Amino acid sequence: MAKTMAEEITAAEREAEQTLVSAEERAAKLVSEAKEKAKTEQKRILKEAELSSDELLKNAAERAERFKADAREEAKGMLGGLEQSYGANISAAVSRAAEILKG
């Protein structure tokens, strides 16, 4: 009877050891899968970030070009106004000089 109990204890110990080994193997597999999933997710996030930054840079470049074109047009308008003002001032000065000379 003692022999049977010893055999049962030994069998139970082996079963417990096998269960532990199986659990460790499953845990290692889960950890490996989690690491792989994390790497994949990290790559996806980095790709999304890269695409977003490219889009932001593109939008910023477009806005800068529009701003530059608007500034160019505004400067042309201001230059035209200055040319007219300069022309009017010159005409007025010449007229005034002619009046003084006739004077």
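Nothing in this text is a laboratory measurement; each read-out follows from the coordinates by a stated rule. Bear in mind that the values here come from a model prediction, so they are computed numbers and not experimental data. Backbone-built Cβ (ideal geometry, glycine too); neighbour counts: all protein chains shown.
For region 10-38, backbone nitrogen atoms closer than 17 Å to the point 7 Å from Leu46 Cα along Cα-to-C-beta are found at 35-38. The structure shown yields Kirkwood radius over Cα pairs in Å, and of the options (1) 14.9; (2) 16.6; (3) 23.0 that calculated value carries the label (3).
So if I take the centroid of the Cα atoms in region 32-56 and the same for region 83-103, what is the distance between those two points in Å? Result: 72 Å between the Cα centres. The angle between the Cα long axis of helix 2-102 and the main principal axis of the chain comes to about 0°, on a 0 to 90 degree scale. Charge tally around Lys68: other residues with Cβ under 15 Å, Lys/Arg +1 each, Asp/Glu -1 each, net -1.
Loop-resident GluC sites (Glu not before Pro) (DSSP state other than H, G, I, E or B) in region 32-71 with no more than 11 further Cβ atoms inside 10 Å of their Cβ are absent. Using the Cβ-Cβ distance between Ile100 and Phe67 with R0 set to 35 Å, the FRET efficiency from 1/(1 + (r/R0)^6) comes to roughly 0.15.
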